[in-house]
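Undergrad: Okay, here's the structure, questions in a sec.
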Amino acid sequence: MLGWFRRRRCPASAHRFRVGTLVFRTPTELDSLVAVAGASDDEAQRWLGWELDHIVLEPHRDRYLAMAPGRGTAYDLREDAIDLIAIHPRRKRCAGLVSVHSDGELGGWLMPGFRGQGLGGELFKAGLVLAHEHLGLTSVRAGVETTNLASQGALRAAGMRQVDGPPTHTLPNGRVMSSYWFQHEVAQPRRCS
């Protein structure tokens with residue numbers, strides 16, 4: 001199994017665990033908005049390619065990024081995926097978000113101010129913990145643009161290996177990117193409840 005995970009039971013889909021520096025937990029509705037604001041900058045959108053109506057605009061972005069996480073009750077906005085926010089406990093701020101889709105696809109991002117610090121590996125390790133130890137998924141895949149060296153390094157640091165996959169992927173905004181694919185598998189996945 002995954003050696004960096006200590007087994008816990010999660011109450012009513014409110015997942016919570018630690019990987020390295022970061023604490024991961026089910027977001028509140030406000031936490032989800034903060035996380036979306038943290039990926040609404042040009043640097044993140046270069047790789048994520050969201051439609052304009054999903055991006056938090058500049059006047060509101062700084063206000064959300066200044067909010068401390070944890071206000072409100074656990075909440076997941078999406079039916080097709082489970083999201084966890086990453087919290088940096090010393091800085092008491094949301095550091096990013098990791099997501100596992102029902103088909104086993106992994107995604108995520110780090111917020112401005114947390115990029116370039118080696119936290120991407122922790123982010124994607126948390127996605128593997130969520131998939132294999134909480135959701136019972138045997139296999140997890142992640143696609144990444146061929147020029148996104150930081151994400152490729154983070155996926156490798158999490159223990160994923162490069163595999164064959166489609167050479168291109170279309171982002172939500174319609175941009176077609178060239179892609180590499182990574183995968184991680186376990187023989188006996190578990191569910192947390």
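Read-outs throughout are calculated quantities, based only on the coordinates presented, and are distinct from any laboratory measurement. What you see is a predicted model, and the numbers here were worked out from it, not measured in a lab. Methodologically, a virtual Cβ is constructed for each residue, glycine included, from the backbone with ideal geometry; neighbour enumeration extends over all protein chains shown.
Undergrad: In terms of modelled amide H atoms, which long-range or inter-chain residues lie less than 5 Å from the amide H of residue 95?
TA: Counting only residues 5 or more places away or on other chains, the set is 86, 87, 88.
Undergrad: Given a 10 angstrom Cα cut-off, can you work out which residue in 132, 15, 60 is the most mobile in a GNM of the chain?
TA: Maximum fluctuation in the GNM of the chain, among the listed residues, is at 60.
Undergrad: Return, in residue-number order, each cysteine of the chain whose C-beta is not under 4.7 Å from any other cysteine's C-beta.
TA: Result for the chain is 94, no neighbouring Cys Cβ within the cutoff.
Undergrad: Of 96, 72, 159, which is the most mobile in a GNM of the chain whose springs link Cα atoms less than 10 angstrom apart?
TA: 72
Undergrad: Continuing with the same structure: What residue among 56, 23, 163 shows peak mean-square fluctuation when the chain is described by a Gaussian network model with Cα springs under 10 Å?
TA: The residue with the greatest mean-square fluctuation here is 163.
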